[in-house]
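Following: one structure in C-alpha cells, then a few remarks.
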Amino acid sequence: NSYEPCDFVLFGTLGDLSRRKLLPSLYQLEKAKLIHPDTTIVGVARHEMELEDYIAEVHTNLVKFGDKELCEETWERMKGRLHYACVDMKDIGSYCVLEDHVDPARTMVCYLATPPSIYGDICRGLHGCKIIDSSVRVVLEKPIGHDLESSKVINEQVAEYFDEKQIYRIDHYLGKETVLNLVALRFANSIFATNWDHNCIDHVQISVAESVGIEGRWGYFDDAGQMRDMVQNHLLQILSLVAMEPPTTLDADSIRDEKLKVLKALRPINSSNISDSTVRGQYTAGFVKGEEVPGYLEEEGANTQSRTETFIAIKAEIDNWRWAGVPFYLRTGKRMPSKVSEVVIYFKRQPHNLFGDSFKNLPPNKLVIRLQPDEGVEITVMNKVPGLTSSGSMDLQKSKLNLSFSEAFADDRIPDAYEKLLLEVMLGNQALFVRRDEIEQAWTWVDSILEAWKSSNEPPEPYQAGTWGPVDSIGLLARANRSWYESK
Ligand code: BG6
C-alpha cells in the first residue's frame with residue numbers, strides 16, 4: 001500500500017451517492033488527516049458550474065449529510081483540494097477538459113458514481129483524451145448488471161480500457177467495521193478457528209432487515225427486487241466471509257480466491273428445489289415503529305400488478321468438505337420491525353445430557369455477530385445458577401458473554417463503510433473490492449433462482465409491514481426444528 005498523492009476524480013459529483021456518502025466520507029478522511037496533503041478532488045458532472053458554486057454546493061451537502069457543524073480547519077483544507085470539471089459523459093470530445101485538472105505524473109482515481117449504463121462511455125472518453133495509463137484506478141458502484149449476461153457486458157466495456165488490477169468494484173458492506181471483523185474473529189481467535197465447520201456448527205443464519213421501504217426509488221427497486229438489490233451482493237459477500245477457507249495472507253487475491261470458491265460451491269437452486277429452499281414476500285400496509293405505512297403496491301409511482309419481492313428467505317447449502325450438511329439461512333427484507341443485520345452461528349447440541357430431565361433440551365451455544373446497529377459480539381452459554389438446593393441438583397441458566405463495541409471501544413468512532421473503502425482505493429489495496437469472477441459467479445447462482453421463480457409463476461407471499469416477513473419464512477426453518485434468531 002502506498003500513501004501517495006492522487007487526483008481523485010468523482011464522476012457524478014452532484015448525484016445522490018456523492019452528496020450523501022462520498023463527499024461526507026472524504027471530509028471525515030480529511031479530518032482524520034488520512035488524505036495526502038497534495039491530493040486533489042475533481043468533481044465532474046454535466047452542468048456548467050463555477051468552482052466557487054461547486055465549493056458552496058459541497059459545503060451545503062456536508063452540513064446536510066455529514067457533521068452538522070464543520071470543523072473550519074478541516075473544511076479549509078478540503079476546500080483547497082476541490083476542482084470542478086463540466087463533462088458531458090456521453091460526448092467523447094468533452095473529456096479533454098480533465099487535462100487541466102489532473103497531473104499525469106500522479107495516480108488518477110476515477111470514481112464512477114453514475115448509472116452503470118454509462119460506465120462504458122466514461123471509460124471510452126477517458127481513453128480518448130489520452131490521460132489514462134496503467135496506474136489509473138477506476139471505481140465502480142453497484143448494480144453491475146441485472147443478470148449474468150448484462151453484468152458481463154458492463155465488465156467487458158470496462159475491461160476494454162482497464163486491467164482487472166485497476167478495477168475496484170464497490171460493495172459497501174465490505175467496508176463496514178463489523179463485516180471486516182468477521183475475518184478478525186475467525187482467524188485471530190483459535191477458539192473459533194478450530195470450531196468452524198460441520199463437526200461443531202449446526203447451521204448459520206444471516207439476516208439483514210431494514211425498517212425503511214422503497215424510499216422514493218420505486219422504479220429502480222421494482223426492476224431489481226430484494227434479490228438483486230441485497231442478496232446478489234451484500235448477503236453473498238457476508239456468506240463468503242463466514243464460510244471461506246483461511247486465506248494464506250490478507251492480500252487481495254488470497255481473500256478473493258477463497259470467497260470465489262465458496263460461491264462456486266453453493267448448491268444451485270432451480271425449479272426442482274425452489275419451493276423447499278426459498279420464500280419470497282411483498283409487504284402490505286402496516287405499522288413500522290408505531291407509524292402507519294403504505295403497502296408496496298400503494299407506494300408512490302407503483303405498478304399495482306407488480307410481483308417484485310421485498311423480502312426473501314433462502315436456505316443455502318455449500319457443497320464442500322467443511323460445510324456439508326450445514327445450511328446457511330439468509331433473510332432480508334424491507335419494512336421489517338427494525339433495522340438489524342446480524343450473523344448467528346448455532347453450534348451443535350451436546351451429545352449427552354448430564355443435567356437431568358429438566359434440562360433435556362439443553363439449548364445450543366450461539367455466537368451472535370451484530371453487524372449493525374449496536375455493533376458487537378455475543379455468545380450464549382449455559383451457566384450454573386449460584387446457590388444451594390435441597391436436592392443437590394444443579395440449576396442451569398442461559399447467560400450471555402457480551403462484547404458491545406460502544407462500551408469496549410467507547411473512545412473510538414466507527415467510521416462509515418465508504419470512508420474505509422475510499423481510503424483503500426487511495427492506498428491502492430483491492431482486498432475489499434469485488435473481483436469480476438466473484439460478481440459473475442454470484443449472478444450465476446442468483447439467476448437460477450430468479451428463473452425458477454419466474455417459471456413457477458407464483459406471486460410473492462404478502463406480509464404486513466412491521467413484521468418479520470411471510471409465515472412461510474418461519475416454516476423454512478421449522479421444517480428442520482429450527483427457528484429464526486429473535487433480534488432485540
Ligand atoms: C443498498 C441498497 O445497497 O444497501 C439499499 O440498494 C439498501 O436498498 C442499502 O437500503 C442498505 O445499506 P445499509 O448500509 O444501510 O445497511
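Once you sort the root eigenvalues of the Cα gyration tensor of segment 238-385 as a ≥ b ≥ c, which label holds: rounded (a/c under 1.5), prolate (a/b larger than b/c) or oblate (the other case)? Oblate, since a/c reaches 1.5 and b/c is not below a/b. The angle between the Cα long axis of helix 417-427 and the longest principal axis of the Cα atoms of the chain comes to about 50 degrees, rounded to the nearest 10. The spread of Cα positions in segment 1-117, taken along each principal axis and listed from longest to shortest, comes to 40, 31, 26 Å. Measuring r between the beta carbons of Ala324 and Glu156 and using R0 = 35 Å, the FRET efficiency lands at 0.45.
Can you compute log10 of I(q)/I(0) for segment 166-240 with the Debye formula, treating each Cα as one identical point scatterer, at q = 0.16, 0.21, 0.23, 0.25 Å⁻¹? Scattering profile of segment 166-240, log10 relative to I(0): -0.78, -1.09, -1.19, -1.27. Per-residue Karplus couplings for segment 175-180, computed as 6.51 cos²θ - 1.76 cosθ + 1.60 with θ equal to phi - 60°, are listed in order as x, 6, 3, 6, 6, 5 Hz, Gly and Pro entered as x. Compared with the alpha-carbon gap, the fully stretched path from Arg307 to Arg46 is longer by 90.4 nm at 0.36 nm per residue.
Dividing the Cα radius of gyration of segment 138-267 by its Kirkwood radius returns 0.99 for Rg/Rh.
Enclosing the Cα atoms of segment 321-397 in their convex hull gives a volume equal to 159 cubic angstrom per residue. Shown here is the pair-distance distribution of segment 140-203: with all Cα-Cα distances grouped in 10 Å bins from zero up to the longest one, the shares run 17, 29, 23, 25, 6 percent. Over 17 Å, how big is the tail of the calculated P(r) for segment 258-302, in percent of all Cα pairs? So the portion of pairs separated by more than 17 Å is 62 percent. Counting only DSSP beta bridges with both residues in the chain, the antiparallel share comes to about 55 percent.
The spread of Cα positions in segment 358-488, taken along each principal axis and listed from longest to shortest, comes to 65, 49, 29 Å.
Convex hull volume per residue, computed on the Cα atoms of segment 63-113, equals 125 Å³.
A Förster radius of 35 Å combined with the Cβ-Cβ distance from Ile191 to Asp395 puts the calculated FRET efficiency at roughly 0.85. Between segment 237-298 and segment 163-223, the alpha-carbon centres lie 9 Å apart.
Taken one residue at a time, the phi angles of segment 429-444 give Karplus couplings (6.51, -1.76, 1.60, θ = phi - 60°) of 10, 8, 4, 9, 10, 8, 7, 3, 5, 5, 4, 6, 5, 4, 5, 4 Hz. Gly and Pro are set to x.
Compared with the alpha-carbon gap, the fully stretched path from Asp147 to Lys165 is longer by 4.1 nm at 0.36 nm per residue.
Could you work out how far apart the two model spin labels at Glu298 and Asp253 are, taking each label as a point 7 Å from the Cα in the direction of the beta carbon, and quote it in nm? Placing both labels 7 Å along Cα→Cβ, they lie 5.6 nm apart. Sorted largest first, the principal axis extents computed over the alpha-carbon atoms of segment 92-147 equal 38, 22, 16 Å.
The fraction of all Cα pairs in segment 283-337 landing in successive 5 Å bins from 0 to the largest distance is 4, 16, 18, 16, 13, 10, 8, 7, 6, 1, given as whole percents. Here, P(r) means the percent of Cα pairs in each 10 Å bin from 0 to the largest distance; for the chain it is 4, 18, 27, 26, 17, 7, 2, 1, 0.
Values quoted throughout were computed directly from the atomic coordinates according to the rules given, and no laboratory measurement underlies them. Worth saying up front: this structure is predicted, and the values here are computed from it rather than measured. Because the Cβ atoms are built from the backbone with ideal geometry, glycine has one as well, and the counts that use them run over all protein chains shown.
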